[in-house]
Amino acid sequence: MTARIEPAARPYDDDMEKTLERLMPPGVEPLVLFRTLARNPRVFRRFMAGGLLDKGTLSLREREIVIDRACARCGGEYEWGVHIAFFADRVGFGQAEIAATVAAGADSECWNARERLVVRLVDQLHDTNTVDDELWGALKAEFSDEQLLELIVLTGLYHMVSFVVNATRLPLEDYAARFPESVD
């Protein structure tokens with residue numbers, strides 16, 4: 001499949017070169033997603049300013065559950081695969097957790113009770129664009145208001161990322177993971 005928008009290529013403007021270099025580990029080329037968004041520097045900078053990959057109120061593992069689940073539910077294999085490649089080991093995801101990010105339902109035994117709530121939240125937001133009172137009550141008992149806002153916004157951000165990678169038909173990164181067979 002060919003990308004619908006050609007990613008920016010070197011030479012980049014000095015400012016864009018420095019920005020792209022800061023985003024990636026040493027020796028790793030900037031993601032196709034970043035280079036594609038760099039075709040519109042204003043959108044790229046706003047996109048990066050809206051990211052939640054800094055240290056927030058959630059654990060890194062909870063953040064990755066949200067990101068991976070949101071991308072999987074949207075069919076965003078590109079972004080899901082990049083996050084699995086870069087973060088799965090760091091957050092303690094084995095094959096069970098990786099598979100559970102794409103499997104139907106939130107009841108996988110690999111998740112603890114708090115993590116199941118996170119998966120349920122992402123699923124309910126994806127399916128209904130809201131959160132029912134029963135789930136909200138369970139979330140409020142487990143998460144602070146600050147964390148709830150971060151969970152909701154993070155879910156929405158990775159819906160947006162999935163829209164971008166899917167609509168522009170970005171080619172998958174060579175090193176990125178691929179969806180297991182059981183994608184929703």
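This table checks each residue for (1) touching a Phe, Trp or Tyr at 6+ places or on another chain (Cβ under 9 Å); (2) under 26 Å from Pro7 (Cβ atoms).
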| residue | (1), (2) |
| --- | --- |
| Val66 | yes, no |
| Ile98 | no, no |
| Gly156 | no, yes |
| Leu172 | yes, yes |
| Glu181 | no, no |
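Do we find that Val119 is part of a loop (DSSP other than H, G, I, E, B) and surrounded by 16 or more Cβ atoms within 10 Å (Cβ to Cβ) in this structure? Spelling it out, it is not the case that Val119 is part of a loop (DSSP other than H, G, I, E, B) and surrounded by 16 or more Cβ atoms within 10 Å (Cβ to Cβ).
With respect to (1) among the acidic types (Asp, Glu); (2) out of contact with any helix residue (DSSP H, G or I) (no Cβ under 6 Å at 6 or more places or on another chain); (3) at pLDDT 95 or above, the lone exception for Asp15 is condition (3).
Has segment 28-38 got any residue that is assigned to a loop (DSSP other than H, G, I, E, B), within 16 Å of Tyr78 (Cα to Cα) and under 17 Å from the mean Cα position of the chain (by Cα)?
yes
In this structure, does Arg114 turn out to be touching a helix residue (DSSP H, G or I) at 6+ places or on another chain (Cβ under 9 Å), assigned to a helix (DSSP H, G or I), of a type in the set (Lys, Arg) and buried (at least 21 other Cβ atoms within 10 Å of the Cβ)?
Judged against the criteria, Arg114 is not a match.
Note on segment 81-111: residues that are surrounded by 18 or more Cβ atoms within 10 Å (Cβ to Cβ) and in contact with a Cys (Cβ under 6 Å, 6 or more places away or on another chain) total 2.
Can you tell me which of Pro41, Pro11, Pro7 is more than 29 Å from Leu121 (Cβ to Cβ) and either of a type in the set (Phe, Trp, Tyr) or crowded, with 18+ Cβ neighbours inside 10 Å (or both)?
Just one listed residue meets the conditions, Pro7.
The values are calculated or read from the model by the stated rules, or taken from the named source; none is laboratory data. Everything numeric here is computed off the predicted structure, so don't read it as measured data. No Cβ is skipped: glycine too gets one built from the backbone with ideal geometry, and neighbour counts run over all protein chains shown.
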